[in-house]
Amino acid sequence: AAALLAATAVPWADSYREVAQEYRRLRVYDKAHDYLNGALKFDAKDAMTHDALARTWRDSGFPHLGVGDVYRAIYYAPKSAAARNTLGTLFQAMGRRAEARTQYEMAARLDPQAGYAHNNLCYGWILDGDSSKALQACRRALSIDPESPIAHNNAGLAHALAVDLTAARDSQDILGAEETYVDNRIINTTVGRVVFNSALPKEMPFINGL
């Protein structure tokens, strides 16, 4: 409500983008698109808005439709680690995991402190069944943000993949099903499902830098 009031009182790209972020959090994707397209009317070259459009397409289940938007974000902000990370998440959502890893690695090179890129890289390696590379990426993510719940969760998944169940329990310090707020999305971190049922979660959220 506050974001909507601000956009009404002081209409500008930033305020419209904030409203869109709230609608995306609520999964009202059509309204999020409306406000992001409105933001572009104020600044058609705003990389953050193009990036947000790409994420909205991804979250609404149409990652392929966000590719053009994220490439525009990269064009207008070629040194943006977040935009490269977003492109990686689109590729990953489309099942193009090798291309996704390339983008996560590029994001990490652009911003060595981009823990979100290492988190996504870790989970990408988990999907490919490479526990060694997954653990390496997770450790890097945790060295950047030791308190990150998603990094601990991913590390637990990687240890479970490596059949290191004790380390998995240690890494996933949330042992029950507990809701965690990450990048405007609610996730369930459940070590039991991974360690005792030997199953990966059906879905894990992507971590973005913006």
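The values are calculated or read from the model by the stated rules, or taken from the named source; none is laboratory data. In this text the structure is predicted, and so the values were computed from the model without any measurement. Positions of Cβ are generated from backbone atoms using ideal geometry, with glycine treated the same way; all protein chains shown enter the neighbour counts. To get the accessible areas, we keep the full protein, side chains included, count just its heavy atoms, and leave off ligands, DNA and RNA. Shrake-Rupley method; radii C 1.70, N 1.55, O 1.52, S 1.80 Å.
Of note:
- Phi angles across the range 72-83 convert, under the Karplus curve 6.51 cos²θ - 1.76 cosθ + 1.60 with θ = phi - 60°, into 3J(HN,Hα) values of 5, 4, 5, 4, 7, 9, x, 9, 7, 5, 4, 5 Hz, Gly and Pro given as x.
- Once the C-beta distance of residue 25 and residue 62 is scaled by a Förster radius of 22 Å, the resulting FRET efficiency is 0.75 to the nearest 0.05.
- Calculated FRET value between residue 147 and residue 99, using beta carbons and R₀ = 25 Å, to 0.05: 0.25
- Potential extension, residue 45-residue 14 segment - 0.36 nm per residue separation minus Cα distance: 9.9 nm
- Heavy-atom accessible area order for 87, 161, largest first, 1.4 Å probe: 161, 87
- For residue 35, net neighbour charge (Lys/Arg +1, Asp/Glu -1) across residues whose Cβ lies under 15 Å away: -3
- Cα-based Kirkwood hydrodynamic radius, the range 1-120, one decimal, Å: 14.3
- Ordered from highest to lowest accessible area with the whole protein assembly present and a 1.4 Å probe, 99, 18 read as 18, 99.
- Taking amide H as placed 1.01 Å from N in the peptide plane, the amide H of residue 114 sits under 5 Å from none that are at least 5 places away or on another chain.
- Per-residue ³J(HN,Hα) for the range 140-148, Karplus 6.51 cos²θ - 1.76 cosθ + 1.60, θ = phi - 60°, Hz, x for Gly and Pro: 5, 4, 6, 5, 7, 9, x, 9, 5
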